[in-house]
1. Calculate the length of the line joining the C-alpha centroid of the stretch 100-150 to that of the stretch 57-86, in whole Å.
2. Rounded to two decimal places and with Rh computed the Kirkwood way over Cα pairs, what is Rg over Rh for the chain?
3. Roll a 1.4 angstrom probe over the protein heavy atoms and tell me the percent of accessible area of the stretch 3-144 that is carbon or sulfur.
4. What does the accessible area per residue of the chain come to in Å², with a 1.4 Å probe and no ligands, DNA or RNA counted?
5. Quick check: with the 1.4 Å probe, what order do F84, F22 take by accessible area, largest first?
6. How far apart, in nm, are two points set 7 Å out from the Cα along the Cα-to-Cβ line at V10 and at K108?
7. I'd like the accessible area for D107: 1.4 Å probe, protein heavy atoms, all chains in place, Å² to the nearest 10.
8. Net charge near R75, counting Lys/Arg +1 and Asp/Glu -1 over other residues with Cβ under 11 Å of its Cβ?
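The values are calculated or read from the model by the stated rules, or taken from the named source; none is laboratory data. What you see is a predicted model; the values in this text were computed from it and never measured. Note that each Cβ is placed from the backbone with ideal geometry, even for glycine, and that neighbours are counted across all protein chains shown. All accessible areas refer to the heavy atoms of the entire protein, side chains included, with ligands and DNA or RNA removed. Shrake-Rupley method; radii C 1.70, N 1.55, O 1.52, S 1.80 Å.
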Amino acid sequence: MKKVMIIGAVGAGKSTLVKALFGEKLPAAKTQSLVYREWIIDTPGEYSENPMYYRSLMATSHQAGAILLVHDATRTRNYFPPGFAGGFPIPALGAVTKIDHPDANTDKAVDLLRQSLPGGDILMTSSANGIGIEELRNRLLPIVYPGSNQ
Ligand SMILES: Nc1nc2c(ncn2[C@@H]2O[C@H](COP(=O)(O)OP(=O)(O)OP(=O)(O)O)[C@@H](O)[C@H]2O)c(=O)[nH]1
Ligand SMILES: [Mg+2]
């Protein structure tokens, strides 16, 4: 079974999103290393922010069926290099996190994420209030379990 690998900056809300997808109680703890869950691989934000770790992300992506690029709606700069998703050998999707936040700018977030994800859908989410979580789960599960009706 090929998992979905979640990547994004430190504090972008990846692990909180994972917990929301699994229906677990928040908050999430800081991610220190690769975390393998039932159908997700969670990564530390440092892996996306520091090019020294790109090789590790690339190597891990071979165990994945897709990558999910996560961008925090309250951030006003891009933490991924341009075209980043194209460097992976598997399909990529995007998720904007924290859209509930008073400082969230979703249009800006989509623009920034699009620079690194030229193709592939971008979904709007809030782990805090549950917006977009079911939609995201419904997009990801068929990648992990193709042919099933989940
Ligand atoms: N308002 C709001 N805050 C959120 C949401 N999701 C996450 N956060 C907050 O963002 C912070 C970072 O969340 P994490 O899920 O630990 O971030 P991460 O991307 O896993 O970070 P690393 O493990 O360091 O790479 C925490 O303080 C969360 O409470 C959300 O949907 N809304
Ligand atoms: Mg984390």
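1. Cα centroid to Cα centroid, the span is 12 Å.
2. Numbers: Rg = 13.9 Å, Rh = 15.1 Å.
Taking Rh as the inverse mean 1/r over Cα pairs, Rg/Rh reads 0.92.
3. Working: 3330 of 6410 Å².
It is 52 percent, rounded to a whole number.
4. Values: 7210 Å² over 150 residues.
Result: 48 Å² per residue.
5. Values: F84 15, F22 50 Å².
So the residues, ranked largest to smallest area, are F22, F84.
6. Result for the modelled spin labels: 2.1 nm.
7. Approximately 110 Å² of D107 is accessible to the 1.4 Å probe.
8. On the way: positive: R77, K98, K108; negative: D72, D103.
After counting each charged neighbour, the total is +1.
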